[in-house]
Every structure is written in structure tokens, then in C-alpha cells.
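Asks: I'd like to ask some things about the structure below.
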Amino acid sequence: MKLDKKFAVEYKVGIVSSLSASIIWVILISLWSLIAANIISLWHSEVVLFWQYLIAGISIGAMLVGSFQIYKNSSNKFKPRFPSLSMDYVYKEIETELHFKTRENIAYSSNYNIFALKDLSEMKRSHNWTGDYISSPILESPHNHKVELCKDASSLTTAKIIFDVPLEKNEPTTFKLKYELGDSSKIMQPIIGHLVRNPTERIILRLCVPNNMVRSVKRCVYADSFAQINLSQPQIIHRKIIGNNDVYEWVIDNPSLLYYYRISWEFS
């Protein structure tokens, strides 16, 4: 499962905005240089031509208009845009497992241990499954929490967890979110990852497959959820053989905000 496309879109919009601002500054600097050249020409020339006055006037006008627009929009338009971070709660631990029963039938589960930073009645979790089937979310909780599937226009599957009794500030809770997944067309991206959007003390990512189903299982940290900007070299994860399954696990203590932690592999 991969989180989350919205971050990558916002990240790219921020880059485009910053580049646009840079281009405008280059144009303004060029205009200022042209104005300076015209002023020097006017100062030293005994015969001042009409076109020199015209170019100087146009340049000064364009500079003033451009500077005003930069000043007007500097507070928002040209600042890089990053995803908003929800600080309603922190994760004490997230334990996520992708378990292949067969190549086509997969089970996904995430155990959440959260700590409320303020009064909280619900929270949302979004997932992006790249196979061809995902069930409605299933919630297991000792606290009688409930789950609803949120319907939106995005490709993400979003579950809303409604707490049985609203959490108070500094109150913890735990629950497990599960999905049944299908990949009969064998189109899924062979990855499982987590994008850190809340302060988190520990992440556990686990891949469980029948013996010898996968190879070249690696872990890596990225600055974006498209995994285009890697912050470390991919490292091999060694398997643990438990009965008829191969298990690959990555434990991350004190992960950094907005980093994307991902396990990838190849099918044998």
C-alpha cells in the first residue's frame, strides 16, 4: 500500500510556484539593468533621442508593476506548498503488514497506537491499492470504535474511524484496520510504505509471502511519495523463514516528518 498522492501533487505545485517566482525575478533584474543603461546613456549623451525616453519609461513602468505583483503575492502564491500536518494526535506505534496468501489474494492490516493531543472524536486513514480489488475497511478494536468508508473522487480508499467515546487530551487508544485485497491481473506495484504526516515514535513495516515468492527485497527512505528523491541507498532486507512463509520486516524508530519509508521487491 502506498501513501499518498496528494502530497506528491502539492510538492510539485510548490516547485512550479518557486520556479515561476525565480523567472519573474530574472525579468525584473533585466529591466533594472536596462533602466540603468538608459539613465547612463541619457546622462552622457548631449543629444537625447525620443526612443531613449520611450524605452526608459516603459522599463520603469514594467518594473513598478512587476515589483508590486511580487510584493502582493509573496505571502502565498510563490511560497512552496507543502501538505498540512495534522497535530491532533501522535502515533506511539504503527505496525503494518502485507500478507500474501497467494499471488492473487492478499490481506492488509495496520495496528495503530495513538495518543490524543486534544479532544478528538474521529480520525481518517487513506490507502492507495494498485491491484484490482480492495474490500471495505474492517475495524478491530477493544473499545467498540466504528469505521465508515469515505466516498470521494480520488483514487485513495479512505476510512473514517469514529471513537466509541471521544478521546480527551492525553488519552491513548488502539485499533486495527484491515482490508482484503485482490490482484488477479497481477498489476500491483510491489511496494509497501508509510508517509509520516504525524509525529511518530515507531513504524513497523512487514511483508509476509509464501516461501520463495519474492526476491530482491529492499528498504529505502525517500523525500517524496513517488520515490523519486531517495535519502538513502536501498538496502537488502534479509528474510526470516517462519513455516511456509518468508517474512521481511523493517523497524523504524523516531521516523522523520514527511519522509516516505518504503519496502520494495520483485516477484520470482
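The values are calculated or read from the model by the stated rules, or taken from the named source; none is laboratory data. Keep in mind it's a predicted model, so treat the numbers as computed, not measured. Note that each Cβ is placed from the backbone with ideal geometry, even for glycine, and that neighbours are counted across all protein chains shown. When the accessible area is computed, the model is the full protein with side chains, heavy atoms only, and any ligands, DNA or RNA have been set aside. Shrake-Rupley method; radii C 1.70, N 1.55, O 1.52, S 1.80 Å.
Asks: Order the following by accessible area, largest value first: ASP253, ASP246. Probe radius 1.4 Å; ligands, DNA and RNA are ignored. The partial results should precede the final answer.
Replies: Numbers: ASP253 85, ASP246 0 Å².
Descending order: ASP253, ASP246.
Asks: When Lys and Arg each count +1 and Asp and Glu each count -1, what net charge do the other residues less than 10 Å away from GLU266, Cβ to Cβ, add up to?
Replies: Details: positive: ARG215, LYS218; negative: none.
Counting the neighbours of GLU266, the net charge comes to +2.
Asks: What length, rounded to one decimal in nm, is gained on full extension from SER109 through to ASN170, with 0.36 nm per residue of separation minus their alpha-carbon distance? Walk me through the numbers before you get to the answer.
Replies: Numbers: separation 61, 0.36 × 61 = 21.96 nm, distance 2.56 nm.
Roughly 19.4 nm would be gained on extension.
Asks: Another question about this same structure. Just how much of GLU249 is accessible, in Å², when a 1.4 Å probe is used and the result is rounded to the nearest 10?
Replies: 70
Asks: Starting from 0.36 nm per residue, how many nanometres of slack lie between SER185 and SER268 once their C-alpha separation is accounted for? It would help to have the intermediate numbers written out before the result.
Replies: Numbers: separation 83, 0.36 × 83 = 29.88 nm, distance 1.62 nm.
Length difference between fully extended and current span is 28.3 nm.
Asks: Report the accessible area of THR130, computed with a 1.4 Å probe over the heavy atoms of all protein chains in place, in Å² rounded to the nearest 10.
Replies: Roll a 1.4 Å probe over it and THR130 shows about 30 Å².
Asks: Further question: What FRET efficiency do you get for LYS124 and GLN233 if R0 is 25 Å and r is their Cβ-Cβ distance, rounded to the nearest 0.05?
Replies: Numbers: r = 34 Å, r/R0 = 1.35.
Taking R0 as 25 Å, the efficiency between LYS124 and GLN233 is 0.15.
Asks: Another question about this same structure. Need one value: the accessible area of TRP265 in square angstrom, 1.4 angstrom probe, rounded to the nearest 10.
Replies: That residue has around 10 Å² of solvent-accessible surface.
Asks: Under a crude label model (7 Å from the Cα following the beta-carbon direction), how far is SER136 from SER256 in nanometres?
Replies: Rounded to a tenth, the inter-label distance reads 4.1 nm.
Asks: Ordering LEU120, LEU149 by accessible area with a probe of 1.4 Å, largest first, what comes out?
Replies: Working: LEU120 15, LEU149 75 Å².
Reading off the accessible areas and sorting them downward yields LEU149, LEU120.
Asks: Would you mind getting me the FRET efficiency between LYS240 and ASN198? Use the beta-carbon distance for r and R0 = 30 Å, nearest 0.05.
Replies: Values: r = 29 Å, r/R0 = 0.97.
The computed FRET efficiency comes out at 0.55.
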